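Chemist: Questions regarding the structure given below will be posed in turn.
The values are calculated or read from the model by the stated rules, or taken from the named source; none is laboratory data. As the structure is a prediction and not an experimental result, all values here were calculated from the model. For neighbour counting, all protein chains shown are included, and Cβ atoms are generated from backbone atoms with ideal geometry for every residue, glycine included. Side chains included, ligands, DNA and RNA excluded: accessible areas come from the protein's heavy atoms. Shrake-Rupley method; radii C 1.70, N 1.55, O 1.52, S 1.80 Å.
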Amino acid sequence: MSIDPYALCPGGTGKKLKFCCSDLMHELGKIEHMLAAEQRQACVDYITQLEAKFPDRACLLTSKALLLHSLEQDEEALRAADRVLTTQPTNPVALSMRALVLSEGDDPTSAVRPLHQALVACGAQVPQRVFEAVSTVAEALLAEGHIMASMAHLAWQLSVKDDFQQALILAYRIQTSPGVPLVLKEIRAAFEPAPAGVAYQAEFDAALAEANAGHWLKAAEQFDALMFRAAGCAALWRNLGYLRAYLANEAGAAEALRRYASLDVPLDLAVEAEMLAFQLDPKIVEASVDQLRVRYQPSELDSVAAHLASSPLAMKEAVEDIEVEDPDQPPPRALFALLDRPMPESGRELNEDAMPEVIGLVLLFGRQTDREPRLELICSRTYLEAAKATVQKIVGAALGQVASEEVAGRLPAQSFSIAGNWRVPADTPPDRVPLVASERRRKFLFERWPQEPNILFAGRTPKQAASDRTSRIAVLAAIGLWELNYGEVMDFNELRRQLDLPMMEPVDPASTELLDLPLTRLHRIDPKQLTDEQLAAVWPRAVQYRARVATSRLAPEMAARTTMSMANRAQARGMMAGFSANIDEVLTHLAAARQLSKSAGMSCAGWDLEELATRLAVGKAEGFMEMVQHISTAHRSEPGVLERLFQLMYSAGLIDEQGRPVRAAAPAAGELVVPGGAAAAGGKIWTPDGEGGEAKKSALWVPGT
């Protein structure tokens, strides 16, 4: 295979092959030929032979490191890269090989330093191998939860090559994920300059230039060196906060952002810095709640089961819905959800005060070869005393004494979401459930939350912290994060007013550069004040980043303006369907979205599938089969539509794996529904012995958090 002698050396020397490896041109061509044929082990063996004649040549050793890594021989790959670095400590390709290998180890953050050393060593011309290593590190960081660092590296790649598909796809996945906090999605394109005329201007400007060039590690080290001379410089701390976040040093980022928020900076910027610090700080992100297991040895298990089955404070669940650690061990004989208040006889007029919440699980085990019959209560520490008292109240003297009590696991504390695990009577109208759940959330946020001690404020209550001038920013930040989650249905200025805090005022579109407006302020725009051009610019940004509150406020205005494109109006009506709690309103919005899409010459398959999913979710049979038939015929040639239809019907239990109809089982008498909560979504109820333990965070069931 012919090699261009004027191409850069693949070994990262920075020289052209003609002036670096002219004596290896034939061998490099053979290596490329073997790589193209995927003869990786043979290629490693060939390079090993060449090393005897051409020792310590970077082009050979870096190629060998890459091959060894692809063959999962990582220790040998690191040794090959380190041989280059012994004589060429700033070789960017060798450094990127180290980063590549380290990114797939137990701690991908260890790859960040060699990667950024490589980027500095590259200068303006980044070799392909270094560029590709950035992708690998970004993916590894994302997999370990370093979201902002991953996003920043993807943004850097797109600044170099704006059509790089791998980065575009992964960045889009992060931006559009509703599970990623909005404040972590925004990556700053430029860093902040120092005030003019400061004594450390030259050093600051040098660090700023490195930061803006994407040399974040070098810039962070230079800003660190200025820390004592420029301790009162807000720009320094803001820059350090973002640089550390981009380098996956979340604890350091949170510290710097809080220093910035404590200085004399505009209120919005201070609050947003504290909001970001909350979402980065490992002490908060990793805060957890003890899950406890309390064992009793009742005298008569059948009597205990009868008491539980007849109590309005316990609800029998299917034993199959519980995950157990060892499937070879006998499952519990019975499983009950423990409620904090009696189940109402009917849910037709259900209000929040009457809606029961699950505060624990009760498992009954029969006699085993080496164990007596037992009752196990599993609950969070938050509900321990209430759950124990409720079990005692239901079972009475037959319960016996506590045989043991232990911490069985730890689950995420969910600082800025209210999971809830509620039960309602089977006859509750589907559109009443979200309304009652919303009222419960409101009650928690506006009545309970201000009065409860909180890790966010060093154990003080929000009310106490709000009265302390130095902590008010933190309380405003916490409210801001709650607002981003639930602001479409609650006025959080009411909570600010209650705590005697500054209001968050509307953003004036006439005096604001809307495309530079932080994502966390989009919801403060008054949509009616936007021109058509401004609305058309703001709308896709809110939708792409899944800015829920902003989208909920912009959508009605977008849908109502006949001057806007039909495609945007259709999208807005679809969004409005997602925000509505009334089933008839949902179907009306979807019908409008369908009609607008047709008028725009676009497929309406997405809206048809959305309507079908809605009808399935609420058991609205009218028009269901007609919709299935319509999708099957009108959209059968559109890519992915029939697959999505199959998945919907299979997930609903209407067809089997071969697509054959399944006879639906009649619902059990008194069957209950769960509005939200992991047990309903995941189909299994988690216990501390369940498969996956702490690692399966998304599937965990947390009573009361």
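Chemist: Determine if the range 165-185 includes at least one residue that is more than 23 Å from residue 540 (Cβ to Cβ), assigned to a helix (DSSP H, G or I) and open to solvent by 10 Å² or more (accessible area, probe 1.4 Å).
Modeler: no
Chemist: Same structure again: Can you say whether residue 576 is under 33 Å from the mean Cα position of the chain (by Cα) and touching a residue at least 12 places away in the same chain (Cβ under 8 Å), as far as the supplied structure shows?
Modeler: yes
Chemist: Residue 492 - would you say it is open to solvent by 20 Å² or more (accessible area, probe 1.4 Å) and within 24 Å of residue 548 (Cβ to Cβ)?
Modeler: no
Chemist: Quick one: in the range 214-229, which of the residues that are at pLDDT 95 or above and of a type in the set (A, V, I, L, M, F, W, C) is farthest from residue 130 (Cα to Cα)?
Modeler: 226
Chemist: Here is a further query. Of (1) part of a helix (DSSP H, G or I); (2) in contact (Cβ under 8 Å) with a residue 24 or more places away in the chain, residue 392 satisfies all except one. Which?
Modeler: So residue 392 meets the others, but not (2).
Results for (1) closer than 19 Å to residue 126 by Cα; (2) in contact with a His (Cβ under 8 Å, 6 or more places away or on another chain); (3) of a type in the set (Val, Ile, Thr), shown as yes or no for each residue.
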residue	(1), (2), (3)
36	no, no, no
44	no, no, yes
49	no, no, no
59	yes, no, no
64	no, no, no
84	yes, no, yes
96	yes, no, no
102	no, no, no
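Chemist: Next question, about the same structure. Among the residues in the range 110-133, are any within 24 Å of residue 548 (Cβ to Cβ) and open to solvent by 50 Å² or more (accessible area, probe 1.4 Å)?
Modeler: Checking the range 110-133: not a single residue is within 24 Å of residue 548 (Cβ to Cβ) and open to solvent by 50 Å² or more (accessible area, probe 1.4 Å).
Chemist: Filter the range 486-507 down to the residues that are acidic (Asp, Glu) and in a loop (DSSP other than H, G, I, E, B), then identify the one that is nearest to residue 529 (Cα to Cα).
Modeler: The selected residue is 505.
Chemist: If I ask for residues that are touching a helix residue (DSSP H, G or I) at 6+ places or on another chain (Cβ under 8 Å), surrounded by 15 or more Cβ atoms within 10 Å (Cβ to Cβ) and without any contact (Cβ under 8 Å) to a residue 60 or more places away in the chain, which ones from the range 443-470 would you list?
Modeler: Once the filter is applied, which keeps residues that are touching a helix residue (DSSP H, G or I) at 6+ places or on another chain (Cβ under 8 Å), surrounded by 15 or more Cβ atoms within 10 Å (Cβ to Cβ) and without any contact (Cβ under 8 Å) to a residue 60 or more places away in the chain, the range 443-470 yields 445, 446, 449, 450, 454, 457, 461, 462, 463, 464, 465, 466.
Chemist: What is the residue count in the range 583-641 for residues that are in a helix (DSSP H, G or I), farther than 24 Å from residue 426 by Cβ and either among the polar types (S, T, N, Q) or in contact with a Ser or Thr (Cβ under 6 Å, 6 or more places away or on another chain) (or both)?
Modeler: Number of matching residues: 7.
Chemist: Working carefully through the options 367, 410, find the one that is basic (Lys, Arg), modelled with pLDDT under 90 and over 13 Å from residue 292 (Cα atoms).
Modeler: Every option except 367 fails the conditions.
Chemist: Only residues in the range 33-49 that are open to solvent by less than 70 Å² (accessible area, probe 1.4 Å) count as the first member; pair them with residues that are aromatic (Phe, Trp, Tyr) and modelled with pLDDT under 75, Cβ under 7 angstrom, at least 6 apart or cross-chain, and list the lot.
Modeler: Close Cβ pairs (under 7 Å, with a partner that is aromatic (Phe, Trp, Tyr) and modelled with pLDDT under 75) amount to 34/46.
Chemist: If only one of 220, 211, 206, 190 is open to solvent by 20 Å² or more (accessible area, probe 1.4 Å), assigned to a helix (DSSP H, G or I) and either in contact with a helix residue (DSSP H, G or I) (Cβ under 9 Å, 6 or more places away or on another chain) or touching a residue at least 40 places away in the same chain (Cβ under 8 Å) (or both), which one is it?
Modeler: 206
Chemist: From the list 519, 499, 530, pick out the single residue that is in contact with a Pro (Cβ under 8 Å, 6 or more places away or on another chain), open to solvent by less than 30 Å² (accessible area, probe 1.4 Å) and under 22 Å from residue 571 (Cα atoms).
Modeler: 530
Chemist: Got at least one residue in the range 414-425 being at negative phi and in contact with a Lys or Arg (Cβ under 6 Å, 6 or more places away or on another chain)?
Modeler: Yes, the conditions are met somewhere in the range 414-425.
Chemist: I would also like to ask the following. I'd like to check something: does the range 352-361 contain any residue that is modelled with pLDDT of 90 or more, closer than 14 Å to residue 308 by Cα and in contact with a Phe, Trp or Tyr (Cβ under 9 Å, 6 or more places away or on another chain)?
Modeler: Yes: one or more hits.
Chemist: Six or more apart or on different chains, Cβ atoms under 7 Å: show the pairs whose first residue is in the range 116-135 and over 18 Å from residue 104 (Cα atoms) and whose second is open to solvent by 50 Å² or more (accessible area, probe 1.4 Å) and not acidic (Asp, Glu).
Modeler: Cβ pairs passing all conditions: 120/218; 121/90; 126/160; 127/8.
Chemist: Separate question: So which residues in the range 542-555 are assigned to a helix (DSSP H, G or I) and either open to solvent by less than 60 Å² (accessible area, probe 1.4 Å) or of a type in the set (Val, Ile, Thr) (or both), if there are any at all?
Modeler: Within the range 542-555, 542, 543, 549, 550, 551, 552, 554, 555 meet the criteria.
Chemist: Let me ask something else about it. Check whether at least one residue in the range 300-322 is open to solvent by less than 30 Å² (accessible area, probe 1.4 Å) and over 25 Å from residue 356 (Cα atoms), and report yes or no.
Modeler: yes
Chemist: When you check residue 151 against the structure, is it at pLDDT 95 or above, aliphatic (A, V, I, L, M) and surrounded by 22 or more Cβ atoms within 10 Å (Cβ to Cβ), yes or no?
Modeler: The answer is yes for residue 151.
Chemist: If we scan the range 230-242, do we find a residue that is open to solvent by less than 60 Å² (accessible area, probe 1.4 Å), within 26 Å of residue 459 (Cβ to Cβ) and in a helix (DSSP H, G or I)?
Modeler: Within the range 230-242, one or more residues are open to solvent by less than 60 Å² (accessible area, probe 1.4 Å), within 26 Å of residue 459 (Cβ to Cβ) and in a helix (DSSP H, G or I).
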